[in-house]
Amino acid sequence: MTAATHGCGGECAVDPGAGDAGAELVLGVAVAVPPPHSSVLATWRKRVGDPAAELVWPHVTLLPPTPVPVDRFEDVTVHLRAAATARQPFIMHLSGTGTFRPTSPVVFVQVARGVADCEELEKLIRSGPLQRPLDFPYHPHVTVAHHVDDQALDEAYEGLAGFVARFRVQSIQLFCRDADGRWRQDIEFPLGSAGNPQA
């Protein structure tokens with residue numbers, strides 16, 4: 001789906017908050033890992049029993065889950081289109097595993113190339129209508145195990161230690177959280193001049 005269309009109307013879960021005036025959508029922005037690499041990572045996440053395995057596509061987060069008023073949705077899409085067109089496509093190289101333990105029970109696949117590109121995109125995105133604080137300093141990665149016991153974390157860490165993927169990132173993806181907690185890919189914003197209808 002391109003930035004010219006959006007499927008969020010009526011499909012994404014709306015948090016009514018304090019009446020209709022406070023209705024919100026929960027949005028996230030990411031680099032979606034493409035097939036076949038995404039299938040490998042999703043299979044491992046299921047294998048270790050991660051409860052989010054069926055709810056989220058393998059990705060590198062650029063904006064964590066963020067509540068946005070429904071009436072600001074169009075402002076958000078304009079902002080994301082501008083952020084995307086300001087950066088050119090780049091190569092992402094994923095290699096090996098890392099962990100946030102003991103601070104947080106997370107195992108992830110590391111971004112070996114593309115870190116600076118993600119950092120620049122994150123700064124552009126987390127501004128304007130999406131300005132918000134972060135719980136932790138930004139660190140691009142692909143989560144493969146979370147909210148599981150230490151044995152499962154170790155299994156993911158060791159099992160994906162040799163994982164390698166290399167692909168060209170040509171767009172960023174807006175995700176919207178549905179009522180069942182599933183994250184749905186909603187709008188794709190091409191990077192660089194391909195995303196600018198005036199180019």
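Residues that are touching a Gly at 6+ places or on another chain (Cβ under 7 Å) and β-branched (Val, Ile, Thr) were ranked within segment 69-104; the one that is surrounded by the fewest Cβ atoms within 10 Å (Cβ to Cβ) is 91. Residues that are of a type outside the set (A, V, I, L, M, F, W, C) and free of Cβ contacts under 8 Å to residues at least 60 places away in the same chain within segment 41-88 comprise 43, 46, 67, 69, 71, 72, 74, 75, 79, listed in sequence order.
Looking across segment 69-79, the residues that are closer than 26 Å to residue 135 by Cβ and either of a type outside the set (Ser, Thr, Tyr) or at pLDDT below 95 (or both) come down to 69, 70, 72, 73, 75, 76, 79. When we screen 11, 54 for residues that are modelled with pLDDT of 90 or more and surrounded by 12 or more Cβ atoms within 10 Å (Cβ to Cβ), the only hit is 54. If you check 99, 43, 66 for being hydroxyl-bearing (Ser, Thr, Tyr) and either closer than 27 Å to residue 130 by Cβ or in contact with a His (Cβ under 7 Å, 6 or more places away or on another chain) (or both), only one passes: 66. Just one residue in the set 41, 63 is surrounded by 16 or more Cβ atoms within 10 Å (Cβ to Cβ), assigned to a strand (DSSP E or B) and not polar (S, T, N, Q); that residue is 63.
The values are calculated or read from the model by the stated rules, or taken from the named source; none is laboratory data. What you see is a predicted model, and the numbers here were worked out from it, not measured in a lab. Positions of Cβ are backbone-derived with ideal geometry, glycine not excepted, and every protein chain shown enters the neighbour counts.
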